[in-house]
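The block underneath contains the structure these notes are about, expressed in structure tokens.
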Amino acid sequence: MLQNTGKLAGQTLFITGASRGIGKAIALKAAKDGANVVIAAKTAQVHPKLPGTIYTAAEESIDILVNNASAINLTGTLETSMKKVDLMLGVNLRGTYLTSKLCIPHLLKSKNPHILNLSPPLNLNPIWFKNHTAYTMAKYGMSMCVLGMAEEFRGSIAVNALWPKTAIHTAAMDMIGGAEVGKQCRNVDIMSDAAYAIFGKPPSYTGNFVIDEEILKTEGIKDFDIYAVAPGNALLPDFFLDEAEALVQNMGDPVVIPVVKGSTAASGPIAETFNIIKGVLNPDIVKSTGGVYKFDLSGEHAGVWFIDMKNGGGSAGSGEPPVKADVIMTMDSADFTKMFAGKLKPTMAFMSGKLMIKGDMSLAIKMEKMMSMMKSKL
């Protein structure tokens with residue numbers, strides 16, 4: 001791990017969204033260095049270990065601004081309410097722009113002025129838009145602030161972005177992928193170390209979209225297992241990085257395959273999988289899941305299938321579900337077979353572009369419980 005050197009002693013950092021996760025880790029790393037840390041989160045209460053609230057920020061001479069606050073909702077256009085769209089744009093884009101605008105006059109007086117946005121490189125591959133256009137627009141808004149402000153204040157303020165190469169174990173990641181996803185993540189220390197490395201750069205280091213692992217390699221870090229939640233496990237790639245998909249074993253490059261609603265023949269590997277699904281369905285699973293799933297499968301064994309884990313004792317089979325589906329999953333039939341055999345987790349399939357989900361994302365996570373029961377039978 002990157003050691004503290006005291007280079008931030010006496011400097012003041014203003015960090016948004018620092019009550020937990022990555023923001024809190026950056027705050028604690030800086031405080032350990034002797035920096036004054038002002039945090040802004042959802043409340044205006046004083047942090048027990050970190051002095052200051054959003055209201056006391058104006059009293060400080062700010063040297064470093066970290067725009068970490070972010071709202072996330074990974075749903076498609078039709079499933080995303082305007083309230084959630086407004087929240088993401090308000091927190092991610094407007095919040096970053098406004099906080100930067102108000103801090104810049106103070107930063108221009110600093111000897112070590114930095115703005116660091118926790119946002120991704122501007123990757124225009126459609127795969128990062130199709131499942132969650134609103135979130136991508138909002139998150140890329142933070143990145144566009146970097147692009148514009150870095151040039152606007154070139155020579156005066158270092159404006160950069162930082163993004164993880166792999167998923168980071170935070171409460172948000174647990175919400176998206178469930179508690180078990182943590183074993184495929186790195187901890188927040190890798191991001192706080194990367195941020196610390198950036199803060200040591202001169203103002204001329206600006207306009208960069210930094211990846212945590214890459215900058216730490218330049219700082220001499222070679223052993224990245226120290227950042228893994230469960231060393232040895234395959235790591236889950238983070239959003240917006242095409243090259244990060246190589247971290248997932250046996251997944252290959254993302255593919256976009258058109259849905260072919262063809263045969264629903266009661267034979268072949270898909271039919272065999274559904275026969276096993278029927279065998280494990282019971283009232284307890286139905287009660288704990290509470291969802292109707294529709295699968296639009298393409299590829300060699302294309303067809304439409306369903307699993308009803310909401311009504312009665314549950315049912316499964318070919319064709320349209322008997323009632324309206326709560327979640328629709330679109331994927332290649334070969335990946336479907338892998339998924340139910342426990343060789344491909346839904347969260348990993350979704351993040352790599354192999355699985356499209358429309359509807360209730362939480363139901364996709366709940367389905368993993370049934371998959372674990374099927375492993376010994378497939």
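Here are a few things to note about the model shown:
- Selection of the stretch 167-204 for residues being among the small types (Gly, Ala, Ser), modelled with pLDDT under 95 and either within 12 Å of the chain's Cα centre (by Cα) or in a helix (DSSP H, G or I) (or both) yields Ala167, Ala171, Ala172, Gly177, Ala179, Gly182.
- Restricting attention to the stretch 99-117, the residues being closer than 17 Å to Ala35 by Cβ and touching a Cys at 6+ places or on another chain (Cβ under 9 Å) number 1.
- For Lys217, the test of being open to solvent by 20 Å² or more (accessible area, probe 1.4 Å), assigned by the TED database to the domain that holds Leu108 and either in contact with a Lys or Arg (Cβ under 6 Å, 6 or more places away or on another chain) or modelled with pLDDT of 90 or more (or both) is passed.
- Any chance Gly207 is under 27 Å from Gln11 (Cβ atoms), part of a loop (DSSP other than H, G, I, E, B) and either open to solvent by 50 Å² or more (accessible area, probe 1.4 Å) or out of contact with any strand residue (DSSP E or B) (no Cβ under 6 Å at 6 or more places or on another chain) (or both): yes
- Residue count for the stretch 100-118, restricted to those that are more than 18 Å from Gly17 (Cα to Cα) and open to solvent by less than 30 Å² (accessible area, probe 1.4 Å): 5
Per-residue answers, yes or no, for (1) modelled with pLDDT under 95; (2) assigned to a loop (DSSP other than H, G, I, E, B):
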{"site": "Ala9", "(1), (2)": "no, yes"}
{"site": "Ala18", "(1), (2)": "yes, yes"}
{"site": "Lys24", "(1), (2)": "yes, no"}
{"site": "Ala44", "(1), (2)": "yes, yes"}
{"site": "His47", "(1), (2)": "yes, yes"}
{"site": "Leu50", "(1), (2)": "yes, yes"}
{"site": "Arg94", "(1), (2)": "no, no"}
{"site": "Lys109", "(1), (2)": "no, yes"}
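To keep it simple, each residue is scored yes or no on (1) surrounded by fewer than 20 Cβ atoms within 10 Å (Cβ to Cβ); (2) part of a helix (DSSP H, G or I).
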{"site": "Leu65", "(1), (2)": "no, no"}
{"site": "Leu78", "(1), (2)": "yes, no"}
{"site": "Leu98", "(1), (2)": "yes, yes"}
{"site": "Pro121", "(1), (2)": "yes, no"}
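The values are calculated or read from the model by the stated rules, or taken from the named source; none is laboratory data. Here the structure is a predicted model, which means the values were calculated and not measured. FYI the Cβ positions are ideal-geometry reconstructions off the backbone, even for glycines, and counts take in every protein chain you see. Ligands, DNA and RNA are stripped out before the accessible areas are found, and what is left, the full protein with its side chains, is counted by its heavy atoms. Shrake-Rupley method; radii C 1.70, N 1.55, O 1.52, S 1.80 Å.
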